Amino acid sequence: MGHTSALEQRYRARQARGWLRRALEPPAPFVMNPREPTDFPLGRWNLYIGGAGRAVPGYVNLDLFPMPGVDIAADAEQLPFAGGVFQRVECDAVLEHVRDAARVAAELRRVLAPGGYLHLVTPFCHPFHEYPKDYRRFTLDGLKQLAGDLEVVAEGWRTGPTATLLVVGIEYVKGLLPWRWWRGGVHFALGWLLFPLRYLDLPLLKTPRAGRIGNHCYLWLRKAA
Ligand SMILES: C[S@@+](CC[C@H](N)C(=O)[O-])C[C@H]1O[C@@H](n2cnc3c(N)ncnc32)[C@H](O)[C@@H]1O
């Protein structure tokens, strides 16, 4: 089965979930760091990388695959745009899936307008997940190596150590079970039982220790005007 159809199947299965399944779905096992800035200005043209299956109003949505929500199907290693076009570029949970992260980062820097902002988010301690491949993980220092001559204007952890423990723990228990139905049961049961622990990350994310086993880290970068 090709990558497109595997991802398409995953997307359509999500769309087709009945109301009961949606009502029973446990809350996410993580909270977002409220101190991560989100208010850097949008411009006339903004670029969202990897938004297959979702609407991203205000952005040109580019993904490898021509799925619902995608405006342009292309490889981020070779962006089909002139340089200096986009005021804001979002690249959230994509760099671990590309073959050459340095090359993608160079492309993102190229298409960013002078004075524009680039937002990079990547997993550090997180289970294997293929979209359509999963090549690597990043520390904040590793992510900064991709910044080139852009200025780092904000950095930190989006999701913290408790998120790591919960997603890895649930995945571990699922891994022990041979049957799909049992794994589904664990997803619901442990999801509901454990999700209140996610709030432990709110104080933890304020400490420098959050990054030792943090879940996802972020950088906001700015191109000189
Ligand atoms: C984990 S998902 C991103 C999720 C998205 N940021 C969100 O929050 O919903 C990764 C996405 O990156 C896309 N992708 C992977 N490699 C890519 C590449 N080389 N160029 C463009 N998109 C890519 C995948 O098709 C997938 O839709």
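The values are calculated or read from the model by the stated rules, or taken from the named source; none is laboratory data. Small disclaimer: the values here were computed from a predicted structure and weren't measured. For neighbour counting, all protein chains shown are included, and Cβ atoms are generated from backbone atoms with ideal geometry for every residue, glycine included. For the accessible areas, the whole protein counts, side chains as well, though only heavy atoms, and no ligand, DNA or RNA atoms are used. Shrake-Rupley method; radii C 1.70, N 1.55, O 1.52, S 1.80 Å.
Contact annotation: residue pairs with Cβ atoms under 8 Å, 6 or more positions apart or on different chains, pairing a residue in the stretch 41-65 that is over 19 Å from Glu96 (Cβ atoms) and among the aromatic types (Phe, Trp, Tyr) with a partner that is within 7 Å of the ligand (Cβ to nearest atom) and assigned to a loop (DSSP other than H, G, I, E, B), are Tyr59/Gly51. Here His119 clears all of (1) on the phi > 0 side of the Ramachandran plot; (2) in contact with an Asp or Glu (Cβ under 6 Å, 6 or more places away or on another chain); (3) of a type outside the set (S, T, N, Q) except the condition numbered (1). Any residue at all in the stretch 67-83 that's within 15 Å of the ligand (Cβ to nearest atom), closer than 15 Å to Tyr218 by Cα and not in a strand (DSSP E or B)? Checked the stretch 67-83: no residue is within 15 Å of the ligand (Cβ to nearest atom), closer than 15 Å to Tyr218 by Cα and not in a strand (DSSP E or B). Of the residues making up the stretch 43-95, those that are more than 23 Å from Gly115 (Cβ to Cβ), acidic (Asp, Glu) and surrounded by fewer than 21 Cβ atoms within 10 Å (Cβ to Cβ) are Asp71, Asp75, Glu77.
Summed over the stretch 146-182, the residues that are assigned to a loop (DSSP other than H, G, I, E, B) and surrounded by 13 or more Cβ atoms within 10 Å (Cβ to Cβ) give a count of 6. Tell me, yes or no, whether the stretch 123-140 has at least one residue that is within 12 Å of the ligand (Cβ to nearest atom) and in a strand (DSSP E or B). Looking through the stretch 123-140, at least one residue is within 12 Å of the ligand (Cβ to nearest atom) and in a strand (DSSP E or B). Quick one: is Pro114 over 22 Å from Lys223 (Cα atoms) and either open to solvent by 40 Å² or more (accessible area, probe 1.4 Å) or part of a strand (DSSP E or B) (or both)? Against the criterion (over 22 Å from Lys223 (Cα atoms) and either open to solvent by 40 Å² or more (accessible area, probe 1.4 Å) or part of a strand (DSSP E or B) (or both)), Pro114 does not qualify. When Pro114 is tested against (1) away from the ligand (no atom under 13 Å from the Cβ); (2) under 17 Å from the mean Cα position of the chain (by Cα), only condition (2) is not met.
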